[in-house]
Amino acid sequence: MAEISYATAPVPVRADLLAAHRRAWQRLARAGNWWTGAERVAMAAEVRQARHCTLCTERKTALSPYAIEGAHDRASTLPNAAIDVIHRVTTDPSRLTKAWFERIMATGELSDAQYVEIIGEVVAVVSIDSFCWGLGMPLHPLPEPEPGEPSRYRPATAVHEAAWVPMIPVHAAAGEEADLWHVGRTANVIRALSLVPNAVRQLLDLSAAHYISMENFMDLTWGRSLARAQMELIAGRVSALRECFY
Amino acid sequence: MLLRASGKVTGDAFDVHVITEGGTAAPSGVPHGEMLIAFAEAMVGDDEAILATARQRVLIALGSEALVDAAAVVSNFERMVRIADSTGIPLDDVVYEKTVDVREELHLGRFRSAANTPKA
């Protein structure tokens, strides 16, 4: 499998970013908990397809994206519900609603865990593609899928709380999930993907390279070449542009 | 809202209005803040020429390491906002309590995803 490279990037890229992106691509290519490697790579292809999808473009400019019916311009044979999830999360995340999520679940085409695994992979690809866009370099070729079957692992401790999807409770990251966070010290945005524990591990891995590790998170003097305040300024502006309340 | 909190640690009083108002707001007080805001806005946008200009400004003023770090942070939050908004998570209780003022000041309750935090 061709590895991600930043050898031709217009500026030198930190080794930890390169390593994190390579690990993400390796995970993408392998079977996950609920999807095969081929299906997961297809999700990545749909992320890229969504940016050129006519329906997504029409919905993006509509007063309500839910008023526009139609079919997505698709790049794969993933279930229709999966296609809609990937395209909407990629192109118009601020207007997702609980009613929409419930309609997706009502199709019967996706389980809640399959949904969470999709989100975990979509956001990783969105993030790595965004990084390349920011530096002004071509997107990385997608990896070749690896053979293998999904593990179908579902953490027994995950329960419905206040989110749309079940999550592992703050004080229940134990056993197989003991590495996800120090018990009692986490945030909902990390627990959000915990129905698929490897999605949390990927989130933490990427965040440590892109932004800050959990170990350093509460040290508000920690920074890289940018000071923490500069990082937080960027973080806040992106969140506001995406109209994210969280 | 860790911008204001980070300022308290370093003894700086940053103006957070730039978070929601962008370039039309008063300067934030964050060093090179306006340039970094312009770069973040360009990355979230889809105009390659605007992004190229913003990128070059960061590169010239702050150097290649800072450009990489800025791109990494933008792309990190392109990931985080999607996780939050696609899973319907509410704001954590402790964050909710500590950000009452800034949420009101910036009118963050107008965002659709505020509905995921019922008490917001």
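Bear in mind these aren't lab numbers, they're just calculated from the coordinates by the rules spelled out. This is a predicted model, so every value here is computed, not measured. Glycine also receives a Cβ, built like all others from the backbone with ideal geometry; neighbour counts cover every protein chain displayed.
How large is Rg/Rh for the range A:1-57, to two decimals, with Cα atoms and a Kirkwood Rh? Provide the component values of the computation, followed by the final result.
Details: Rg = 14.2 Å, Rh = 13.2 Å.
Answer for the range A:1-57: 1.07.
Could you list, in their original order, any pairs among A:K98/B:K119; A:K98/B:K98; B:K98/B:K119; A:K60/B:K98 whose Cα atoms are separated by more than 22 Å?
Working: A:K98/B:K119 16 Å; A:K98/B:K98 26 Å; B:K98/B:K119 14 Å; A:K60/B:K98 33 Å.
Correct reply: A:K98/B:K98; A:K60/B:K98.
For the range A:62-123 versus the range A:170-215, the spacing of their alpha-carbon centroids is 24 Å. Overall form of the range A:56-175: oblate. Here a/c, set by the Cα gyration tensor axes a ≥ b ≥ c, is 1.5 or more, and a/b is not larger than b/c. A Förster radius of 45 Å, combined with the Cβ-Cβ distance separating A:H160 from B:D46, puts the computed FRET efficiency at roughly 0.75.
Among A:L139, A:L63, A:L17, the residue with the largest mean-square fluctuation in a Gaussian network model of chain A, with springs joining Cα atoms closer than 10 Å, is A:L63.
Under the classification rounded if a/c is under 1.5, otherwise prolate if a/b is larger than b/c and oblate if not, where does the protein assembly as shown fall, given a ≥ b ≥ c as square roots of the Cα gyration tensor eigenvalues? Rounded, since a/c falls under 1.5. Along the range B:103-116 the Karplus relation, 6.51 cos²θ - 1.76 cosθ + 1.60 evaluated at θ = phi - 60°, assigns HN-Hα couplings of 5, 6, 4, 9, 6, 5, x, 6, 6, 4, 6, 4, 4, 6 Hz to successive residues, with x for each Gly and Pro. With contacts taken as Cα pairs under 8 Å at a separation of at least 6 residues, chain B carries a relative contact order of 16 percent.
B:V73 sits among other residues whose Cβ lies under 13 Å from its own Cβ, and their net charge, with Lys and Arg +1 and Asp and Glu -1, is +1.
Taking a ≥ b ≥ c as the square roots of the eigenvalues of the Cα gyration tensor, the range A:113-246 is oblate, since a/c reaches 1.5 or more and a/b is not larger than b/c. Each label point was placed 7 Å from the Cα along the Cα-to-Cβ direction; for B:D101 and A:S5 their separation is 5.3 nm. Across chain A, the mean sequence separation of Cα contacts (distance under 8 Å, 6 or more residues apart), normalised by length, yields a relative contact order of 23 percent. Rounded to the nearest whole angstrom, the semi-axes of the ellipsoid equivalent to chain B, taken from the Cα gyration tensor as √(5λ), stand at 27, 18, 13, largest first.
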